[in-house]
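The values are calculated or read from the model by the stated rules, or taken from the named source; none is laboratory data. Because the structure is a prediction, the values reported are computed rather than measured. Here Cβ is always computed from backbone atoms with ideal geometry, including for glycine, and neighbour counts include all displayed protein chains. For accessibility, only protein heavy atoms count, side chains too; no ligands or nucleic acids. Shrake-Rupley method; radii C 1.70, N 1.55, O 1.52, S 1.80 Å.
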2 protein chains.
Amino acid sequence: MKVLVIGAAGMVGRKLVAALLAAEQVGGKPVAQLTLADVVAPVPPAAAIPITALAVDLSAPQVAEQLVADRPDLIFHLAAIVSGEAEVDFEKGYRINLDGTRHLLEAIRLAGQGGPYRPRLVFTSSIAVFGEPLPEIIGDTHHHTPLTSYGTQKAICELLLSDYSRRGFVDGVGIRLPTIVVRPGKPNKAASGFFSGILREPLSGQPAVLPVADSVRHWFASPRAAVGFLLHAAAMDTALLGDQRNLSMPGLAATVGEEIAALERVAGPQATALIQRVPDETIVNIVAGWPKAFEANRAKSLGFRGDASFDDIIRIHIEDELGGRVGS
Amino acid sequence: MKVLVIGAAGMVGRKLVAALLAAEQVGGKPVAQLTLADVVAPVPPAAAIPITALAVDLSAPQVAEQLVADRPDLIFHLAAIVSGEAEVDFEKGYRINLDGTRHLLEAIRLAGQGGPYRPRLVFTSSIAVFGEPLPEIIGDTHHHTPLTSYGTQKAICELLLSDYSRRGFVDGVGIRLPTIVVRPGKPNKAASGFFSGILREPLSGQPAVLPVADSVRHWFASPRAAVGFLLHAAAMDTALLGDQRNLSMPGLAATVGEEIAALERVAGPQATALIQRVPDETIVNIVAGWPKAFEANRAKSLGFRGDASFDDIIRIHIEDELGGRVGS
């Protein structure tokens with residue numbers, strides 16, 4: 001099968017590509033050809049199959065048509081302007097996150113007018129489609145009231161994905177990813193950055209700042225679990241989805257205190273001693289409006305599997321990013 | 001205040017315009033100027049204030065900019081391709097129902113870059129944003145899983161309305177109208193047509209066909225109640241909405257049997273004798289997936305008032321459409 005990954009240069013995209021190449025198949029069908037697209041050309045990994053890497057802007061005219069010209073059987077669409085940038089640059093957020101996705105859906109629909117074509121499209125949505133007021137545990141039928149332009153754009157794309165699937169133009173699965181921890185790389189300024197930072201930095205012997213209370217509860221998945229969600233969405237029987245093509249993924253609910261306790265169990269008190277508590281009222285207020293936990297019963301019943309424990313999430317980081325070793 | 005009505009030639013639009021002219025004010029502010037727009041030029045009613053009637057396609061370039069050029073203080077956006085047409089003509093539905101609304105929102109946002117401008121925008125959404133599986137009574141936090149392209153387009157516009165309002169570009173209120181009964185005029189081929197037909201035709205001494213069982217339950221509002229919702233949305237304190245700008249209106253839940261019983265109470269057994277029961281499997285199946293009733297607690301707490309009884313709904317039709325008289 002031909003596979004197209006849009007957003008292949010991002011953290012999840014790179015791990016997905018590595019997993020696809022390692023598995024060599026999706027749902028029992030061999031991966032014969034891989035196209036990697038992103039705003040910067042992805043670095044194609046060494047592989048036994050042909051890989052094409054493209055630097056493209058999905059929101060530009062004709063780009064989506066070009067991407068689907070050779071009729072990929074499976075498309076992962078991970079590309080997006082992140083929440084903070086979509087909030088600062090209103091027009092860019094709508095152009096990339098909404099129009100880009102709509103261009104892709106339209107290109108697929110129009111390709112189908114030249115002969116049968118109905119690829120599997122796995123779209124990464126976000127728990128940002130949910131906004132206050134929220135229940136402690138968000139059920140699978142809770143409405144979408146995003147409180148960011150990013151969340152609005154994701155919620156709109158979910159609706160489009162379902163409608164294009166219902167009309168038979170595409171075979172879509174939208175998955176709402178939890179907050180990814182431990183996110184590898186440098187600390188960033190995202191309001192959610194500390195959830196990873198208080199684990200990642202101490203695991204490398206570096207200090208980290210915790211701007212919120214230990215009691216703050218949130219919804220997590222490891223990068224490995226996120227890739228697992230994507231691959232399961234690519235291979236699952238979508239007849240089981242009916243016309244509701246979007247799913248909250250089964251993350252792991254944990255408080256910051258539980259994160260820290262897991263860190264201590266896995267890496268010892270010398271790791272947790274590196275966490276400095278410096279409350280930041282701005283971040284406290286932002287995070288207060290975020291989802292705390294989901295039922296995700298529908299996704300679980302459809303075979304999606306998240307992380308078993310926060311200890312596992314930390315061990316995954318140590319295995320996949322630190323070569324199995326903790327410390328400076 | 002300057003008022004713009006987009007979709008002014010439709011049934012609800014015409015009644016809204018008549019109500020605006022009769023009231024002469026909205027929320028205590030005099031209506032000084034009225035612009036009526038629709039795909040066919042609305043017939044301007046006789047009035048003491050200046051009325052402009054325009055034939056425009058909101059989805060065409062520059063049209064939205066022209067409509068907001070004189071900075072109306074209050075905009076009603078009622079224009080849409082109906083459900084059946086949006087399902088048959090996919091591109092037209094998205095062009096008119098989604099792009100048209102987005103053009104309007106963008107024109108308002110861009111007008112605000114030339115000086116403070118944040119008009120009240122009342123948008124008519126629909127209970128078609130909801131789709132199976134549905135609870136017997138749909139709560140205010142139930143998710144949107146539209147099963148038509150029309151419902152998808154309305155759900156997307158709701159999300160845009162909330163985001164543009166949250167960002168301060170517009171002061172939006174989206175109202176999900178119940179099915180309007182008794183819809184005046186000729187019978188049409190809409191699947192919902194019989195809900196009005198079994199009242200309207202007998203009230204004029206004509207036979208009517210009932211294609212579903214008497215036990216079918218649905219959600220209704222009279223045209224007068226619908227206009228009341230629009231006027232309340234135009235005058236209400238939107239600070240009470242917070243960032244959630246869309247509301248299910250308080251309709252009246254009734255079974256077909258209750259409709260018929262009300263008809264008999266108001267117009268006698270000679271009216272109900274004109275209803276022929278001719279089951280239509282296609283319509284039975286379509287209607288089976290429709291909402292049956294809503295809580296609408298949020299709208300009620302915000303002062304929206306629906307019809308008190310089905311007897312009232314029938315009396316409103318007799319008063320407003322039949323000159324107070326029943327019969328052929």
Could you give every pair whose Cβ atoms fall below 9 Å, whose first residue belongs to segment A:252-266 and is at pLDDT below 95, and whose second residue is polar (S, T, N, Q), counting only separations of at least 6 or pairs across chains? none
Given (1) within 14 Å of chain A (Cβ to nearest Cβ); (2) assigned to a loop (DSSP other than H, G, I, E, B), number of the condition residue B:60 does not satisfy: (1)
Could you identify the single residue in A:213, A:208 that is surrounded by fewer than 15 Cβ atoms within 10 Å (Cβ to Cβ) and more than 23 Å from residue A:306 (Cβ to Cβ)? A:213
Among the residues of segment B:143-161, write down those that are more than 7 Å from chain A (Cβ to nearest Cβ), surrounded by 23 or more Cβ atoms within 10 Å (Cβ to Cβ) and among the hydroxyl-bearing types (Ser, Thr, Tyr). B:150
Only listed residue being in a helix (DSSP H, G or I), among the charged types (D, E, K, R), within 11 Å of chain B (Cβ to nearest Cβ) and open to solvent by 10 Å² or more (accessible area, probe 1.4 Å), chosen from A:140, A:99: A:99
Might you check whether a residue that is among the small types (Gly, Ala, Ser), over 13 Å from the mean Cα position of the chain (by Cα), farther than 30 Å from residue A:74 by Cα and open to solvent by 20 Å² or more (accessible area, probe 1.4 Å) occurs anywhere in segment A:171-189? no
Can you find a residue that is within 14 Å of chain B (Cβ to nearest Cβ), closer than 20 Å to residue A:253 by Cα and touching a residue at least 40 places away in the same chain (Cβ under 8 Å) anywhere in segment A:181-201? no
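Give segment A:220-246 a look and list any residue that's part of a strand (DSSP E or B) and open to solvent by 10 Å² or more (accessible area, probe 1.4 Å), or say none. Reasoning before the result, please.
At the first step, the residues of segment A:220-246 found to be part of a strand (DSSP E or B) are A:220-221, A:246.
The answer is A:246, and nothing else.
Would you call residue A:3 among the β-branched types (Val, Ile, Thr), within 22 Å of residue A:225 (Cβ to Cβ) and under 22 Å from the mean Cα position of the chain (by Cα)? If you could, list the steps in order and put the result at the bottom.
Values: among the β-branched types (Val, Ile, Thr): yes; within 22 Å of residue A:225 (Cβ to Cβ): yes; under 22 Å from the mean Cα position of the chain (by Cα): yes.
Judged against the criteria, residue A:3 is a match.
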Residues to consider are A:71, A:109; find the one that is assigned to a loop (DSSP other than H, G, I, E, B), closer than 25 Å to residue A:32 by Cα and touching a Phe, Trp or Tyr at 6+ places or on another chain (Cβ under 8 Å). A:71
Please give the number of the condition residue A:165 fails out of (1) closer than 27 Å to residue A:65 by Cα; (2) free of Cβ contacts under 8 Å to residues at least 40 places away in the same chain. (2)
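With the requirement that a residue be small (Gly, Ala, Ser) and in contact with a Phe, Trp or Tyr (Cβ under 7 Å, 6 or more places away or on another chain), what does segment B:250-265 give you?
From segment B:250-265, those small (Gly, Ala, Ser) are B:251, B:253-254, B:257, B:261-262; that's our starting set.
Passing the criteria: B:251, B:253, B:254, B:262.
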Note down all Cβ pairs under 6 Å where the first residue falls in segment A:107-120 and is surrounded by 14 or more Cβ atoms within 10 Å (Cβ to Cβ), the second is among the acidic types (Asp, Glu), and they're at least six residues apart or on different chains. A:107/A:65; A:118/A:171; A:119/A:73; A:120/A:171
Here is a check on your reading of the model: is residue B:249 of a type outside the set (Ser, Thr, Tyr), crowded, with 20+ Cβ neighbours inside 10 Å and at pLDDT 95 or above? yes
Would you tally the residues in segment A:263-306 being part of a helix (DSSP H, G or I) and either touching a strand residue (DSSP E or B) at 6+ places or on another chain (Cβ under 6 Å) or of a type outside the set (Asp, Glu) (or both)? 20
Of (1) at pLDDT below 95; (2) open to solvent by less than 40 Å² (accessible area, probe 1.4 Å); (3) not acidic (Asp, Glu), residue A:133 fails just (2)
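Where in segment A:1-57 are the strands (runs of 3 or more DSSP E), entirely inside, with at least 1 residues that are touching a residue at least 24 places away in the same chain (Cβ under 8 Å) and surrounded by 21 or more Cβ atoms within 10 Å (Cβ to Cβ)? Break it down stepwise before answering.
Values: elements: A:2-6, A:33-38, A:51-55.
Answer list for segment A:1-57: A:2-6, A:33-38.
Could you tell me how many of the residues in segment A:121-162 are touching a residue at least 40 places away in the same chain (Cβ under 8 Å) and under 19 Å from residue B:128 (Cα atoms)? Step through it out loud before you land on a result.
Taking segment A:121-162 as the starting set, the residues that turn out to be touching a residue at least 40 places away in the same chain (Cβ under 8 Å) are A:121-132, A:134, A:136-140, A:147-151, A:153-154, A:156-158, A:160-162.
Remaining after also requiring under 19 Å from residue B:128 (Cα atoms): A:156-158, A:160-162.
Qualifying residue count, segment A:121-162: 6.
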